[in-house]
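Asker: Next up is a structure, given as structure tokens.
Only the coordinates and a few stated rules stand behind these numbers; no lab work does. These numbers were taken from a predicted model, which means no experiment stands behind them. All Cβ positions, even for glycine, are placed from backbone atoms using ideal geometry, and neighbour counts span all protein chains on display.
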Amino acid sequence: MKLAERVTNVQPSPTLAVDARANAMRAQGIDVINFGVGQPDFETPVHVRQAAKDAIDKGYTRYTPVDGIPELKKAIVEKFKHDNKLEYALSQVSVNVGGKHSCYLLCQALLNPGDEVIIPAPYWVSFPAMVTLAGGVPVLLPSRQENGFKLTLEDLQAAISPRSRAIIINSPSNPTGTVYNKEELTPLAELAIRQGLIIFSDEIYSSILFDNRTFTSVAALSPDIYNHTVTLNGVSKTYAMTGWRIGYMAGPEDLIKACNKIQSQSTSNPTSISQWASLAALTGPQDEVAANCREFQKRRDYIIKRLLAIPQVTCSTPGGAFYVFPNFSAYYGKKFQSQIIKNSLDLTSYLLDQAQVAVVPGVAFGEDSCLRFSYAVNIEQIETAMNRLDKALAQLK
Ligand code: GLU
């Protein structure tokens with residue numbers, strides 16, 4: 001069938017593809033350890049699940065306002081005020097079908113054909129595709145591992161062109177776990193807005209921070225930056241609610257209104273029941289969030305120790321999120337029997353076949369020398385996986 005060009009211009013999400021492949025192998029009885037997809041392995045808190053059941057029983061099963069129920073929007077305004085020192089009016093907030101959808105709507109609402117969006121690499125797999133689907137042009141801006149994968153002012157300056165419309169900042173980062181501090185963010189954001197860019201600040205991992213770090217929201221840096229920034233977040237990662245599909249964003253009112261218009265013509269509203277559950281998540285006890293974060297930090301420490309013990313693997317230490325992005329390029333060019341491992345895709349397939357360990361190839365994030373491990377897997381499984389990895393890598397000659 002002849003399909004629209006926009007379909008052929010993008011690939012299916014590689015993170016979801018790795019997850020599907022790992023799950024298919026598991027269904028065949030193969031004991032795969034899955035570091036593929038980025039979803040917390042914890043359960044959604046009990047009080048959140050109860051709120052969803054209550055919502056069904058109360059009959060909250062009809063359409064909601066396009067931009068979300070007022071109760072949830074008020075809770076989001078409070079969250080931004082309390083956690084991020086950001087003041088938003090209700091009209092500046094929109095609730096969407098997951099954080100991915102918030103970003104998708106923004107691209108649809110902001111970009112004209114040929115408009116450029118600067119995306120620091122390594123980047124989350126869906127950013128370039130969402131820009132492309134909106135007719136925009138992703139401008140991929142490599143960063144260096146020695147630099148902790150942080151964008152430099154010089155690189156950003158060089159990437160800005162008359163067609164630049166926006167920049168995506170994702171701190172803590174998927175896939176590197178890099179966290180920018182206030183001093184690093186300020187000059188980057190100032191330069192971006194001076195050049196007329198809108199900043200998409202994807203803060204979906206802001207509650208998963210290690211080593212007593214504090215989080216700085218881009219929009220909180222200055223009133224000028226606030227006026228040109230959209231802050232994106234969601235309940236998926238913070239409350240282990242990936243399947244509930246609730247993301248939200250806040251920013252300049254005209255841009256948010258434009259996103260709402262597109263939402264009204266596409267999804268109508270995010271799921272009513274999930275919105276009530278998200279209200280309970282944002283306003284209920286937060287102790288599980290802190291406990292999950294402590295658990296992720298333990299896993300980070302362990303997996304980093306094991307990765308750095310592998311000959312010739314290098315890795316920077318993530319400051320947040322639950323990903324690690326080690327460099328395995330020393331293994332490229334090596335052979336298993338007659339099979340040459342040429343790149344991150346080959347190594348990922350080899351590890352899945354030989355070690356039954358699923359990871360995502362770095363090429364999907366714009367950095368072929370690395371592999372992404374999502375350590376949403378318990379420590380015992382990490383240990384087993386690393387033992388298998390040691391063995392499989394030692395077979396490469
Ligand atoms: N954001 C997560 C990941 O990177 C979830 C899957 C996706 O949408 O990419 O694995």
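Asker: If all Cα-Cα distances of region 112-198 are sorted into 5 Å bins from 0 onward, what percent lands in each bin, rounded to whole numbers?
Answerer: Here the calculated profile for region 112-198 is 3, 15, 27, 26, 20, 8, 2, 0.
Asker: Expressed as a fraction of 2.2 N^0.38 Å, the rule-of-thumb size for a compact globular protein of N residues, what is the C-alpha radius of gyration of region 32-100?
Answerer: 1.42
Asker: When the chain is modelled as a GNM with alpha-carbon springs shorter than 10 Å, which of Thr64, Thr267, Thr348 fluctuates the most?
Answerer: Comparing Thr64, Thr267, Thr348 in the GNM, the peak value goes to Thr267.
Asker: Here's a follow-up. Can you compute the equivalent ellipsoid semi-axes for region 358-397, i.e. the square root of 5 times each eigenvalue of the Cα gyration tensor, sorted largest first and rounded to whole Å?
Answerer: Values: eigenvalues 78, 54, 5 Å².
Those come to 20, 17, 5 Å.
Asker: Angle check, please: helix 344-355 long axis (alpha carbons) against the longest principal axis of the chain (alpha carbons), in degrees 0 to 90, nearest 10.
Answerer: 70
Asker: Can you list residues whose amide H is under 5 Å from Ser164's amide H, if they're 5+ apart or on another chain and H is modeled 1.01 Å from N?
Answerer: Placed amide hydrogens put Glu116 under 5 Å from Ser164.
Asker: Please list the non-local residues whose amide H lies under 5 Å from the amide H of Gly98, H modeled 1.01 Å from N, same-chain partners needing a gap of 5 or more.
Answerer: The list, which skips near neighbours in sequence, is Ile246, Gly247.
Asker: Shifting gears a bit: Of Gly99, Pro40, Pro70, which is farthest along the charge dipole of region 1-126 in the positive direction, counting Lys and Arg as +1 and Asp and Glu as -1 at C-beta?
Answerer: Pro70
Asker: Kindly give Rg over Rh for region 6-71, based on alpha-carbon atoms, with the Kirkwood expression for the hydrodynamic radius.
Answerer: Numbers: Rg = 18.3 Å, Rh = 16.0 Å.
My calculation of the ratio gives 1.15.
Asker: Convex hull over the Cα atoms of the chain, averaged projected area in nm²?
Answerer: Numbers: hull surface 81.5 nm².
So the Cα hull casts an average projection of 20.4 nm².
Asker: Follow-up. Charges only on Cβ, +1 for Lys and Arg, -1 for Asp and Glu: so what's the dipole of the chain about the Cα centre, in debye to the nearest 20? Could the numbers behind the result be given before it?
Answerer: Values: 38 positive and 37 negative charges, 142 e Å.
Using Cβ point charges on Lys, Arg, Asp and Glu, the chain gives about 680 debye.
Asker: Here is a further query. For q values of 0.11, 0.15, 0.18 Å⁻¹, compute log₁₀ I(q)/I(0) with the Debye formula on a Cα-only model of region 21-152, without solvent.
Answerer: At q = 0.11, 0.15, 0.18 Å⁻¹ the computed log10 ratios are -0.70, -1.15, -1.24.
Asker: Normalising by the residue count of the chain, find the relative contact order in percent from Cα pairs under 8 Å and 6+ residues apart. Could you put the intermediate results ahead of the total?
Answerer: Details: 766 pairs, mean separation 90.3, N = 397.
The normalised contact order for the chain reaches 23 percent.
Asker: Right, next: In region 31-88, which GluC sites (Glu not before Pro) fall in coil by DSSP and have 13 or fewer other Cβ atoms within 10 Å?
Answerer: Working: sites: Glu43, Glu71, Glu78, Glu87; in loops: Glu43, Glu87.
In loop regions of region 31-88 (DSSP not H, G, I, E or B), the sparsely surrounded GluC sites (Glu not before Pro) are Glu43, Glu87.
Asker: Using Cα atoms only, what is the angle between the long axis of helix 272-283 and the major principal axis of the chain, expressed in degrees (0 to 90) to the nearest 10?
Answerer: 80
Asker: I've got another one for you. Angle check, please: helix 99-110 long axis (alpha carbons) against the longest principal axis of the chain (alpha carbons), in degrees 0 to 90, nearest 10.
Answerer: 60
Asker: Of the options Gln381, Ser338, Ile225, report the single residue whose Cα projects farthest towards the positive end of the charge dipole of the chain (beta-carbon charges: Lys, Arg +1; Asp, Glu -1).
Answerer: Ser338
Asker: Another one. Could you give the length gained on full extension between Thr186 and Lys305, defined as 0.36 nm per residue of separation minus the Cα-Cα distance, in nm?
Answerer: On the way: separation 119, 0.36 × 119 = 42.84 nm, distance 3.24 nm.
Contour length minus Cα-Cα distance gives 39.6 nm.
Asker: Remind me, what semi-axes does region 293-357 give for its equivalent ellipsoid, largest first in whole Å, using sqrt of 5 times each Cα gyration tensor eigenvalue?
Answerer: Numbers: eigenvalues 135, 30, 19 Å².
After diagonalising the Cα gyration tensor, the semi-axes are 26, 12, 10 Å.
Asker: How big is region 112-160 along each principal axis, measuring the range of its Cα positions in Å and listing the largest first?
Answerer: 34, 22, 8
Asker: Less than 22 Å apart at the alpha-carbon level, and either on another chain or at least 8 residues along: which lysines does that give for Lys298?
Answerer: Lys237
Asker: Using +1 at the Cβ of each Lys and Arg and -1 at the Cβ of each Asp and Glu in region 243-397, identify which of Ile304, Gln286, Leu347 lies farthest towards the dipole's positive end.
Answerer: Leu347
Asker: Here's another thing I want to ask about it. If the label point is 7 Å along Cα→Cβ of Arg6, which residues in region 226-256 have backbone nitrogen under 20 Å from it?
Answerer: Under 20 Å, as judged by backbone N against the label point of Arg6, lie 255-256 of region 226-256.
Asker: I've got another one for you. Among DSSP bridges having both ends in the chain, what percentage is antiparallel? Round to the nearest 5.
Answerer: On the way: 17 of 37 bridges.
Taking every DSSP beta bridge within the chain, about 45 percent pair in antiparallel fashion.
Asker: Along the three principal axes, how long is region 154-214 when you take its alpha carbons, biggest first, rounded to the nearest angstrom?
Answerer: Projected onto the principal axes, the Cα atoms of region 154-214 cover 39, 20, 16 Å.
Asker: With charges only on Cβ, +1 for K and R and -1 for D and E, what is the dipole size of region 26-76 about its Cα centre, in debye, rounded to 20?
Answerer: Numbers: 7 positive and 7 negative charges, 45 e Å.
Dipole size: approximately 220 debye.
Asker: Something else now. Taking the Cβ of Gln39 as the center, what net charge do the other residues with Cβ under 11 Å away carry, scoring Lys and Arg +1 and Asp and Glu -1? Before the final figure, lay out the partial values.
Answerer: Numbers: positive: Lys237; negative: Asp19, Asp41.
Local net charge: -1.
Asker: Place a +1 charge on the Cβ of each Lys and Arg in region 135-267 and a -1 charge on the Cβ of each Asp and Glu, then give the dipole magnitude about the Cα centre in debye, rounded to the nearest 20.
Answerer: Details: 11 positive and 12 negative charges, 88 e Å.
Here region 135-267 has a charge dipole of around 420 debye.
Asker: To the nearest µm²/s, what D does Stokes-Einstein give for region 91-247 at 37 °C and 0.692 mPa s, using the Kirkwood radius over alpha carbon pairs as Rh?
Answerer: Details: Rh = 15.7 Å.
In µm²/s, the coefficient is 209.
Asker: When the C-alpha atoms of region 161-290 are aligned to their principal axes, what extent does each axis show, in angstrom, from largest down?
Answerer: Principal extents (Cα only, largest first): 43, 43, 26 Å.
Asker: Compute the FRET efficiency between Asn378 and Ala290 as 1/(1 + (r/R0)^6), taking r as their Cβ-Cβ distance and R0 = 22 Å, and round to the nearest 0.05. Before the final figure, lay out each step's value.
Answerer: Working: r = 18 Å, r/R0 = 0.83.
With R0 = 22 Å, the Cβ-Cβ based efficiency is 0.75.
Asker: Take the alpha-carbon positions of region 238-397, form their convex hull, and give its projected area averaged over all directions (one quarter of the hull surface) in nm². Write down the numbers at each step before the final one.
Answerer: Working: hull surface 49.6 nm².
Its average projected convex-hull area is 12.4 nm².
Asker: Same structure again: What full-extension length gain, to one decimal in nm, is calculated for Asn112 and Lys85 as 0.36 nm per residue of separation minus the Cα-Cα distance? Walk me through the numbers on the way to the answer.
Answerer: Working: separation 27, 0.36 × 27 = 9.72 nm, distance 3.22 nm.
This chain segment gains 6.5 nm when fully extended.
Asker: Which one, Thr61, Thr44, Thr229, has the greatest fluctuation when you compute a Gaussian network model over the chain with C-alpha springs under 10 angstrom?
Answerer: Thr61
Asker: Now for a different question. Around Val139, which amide H atoms from residues at least 5 apart in sequence, or from another chain, sit under 5 Å from its own amide H, with H modelled in the peptide plane?
Answerer: Val117, Ile118, Ile119
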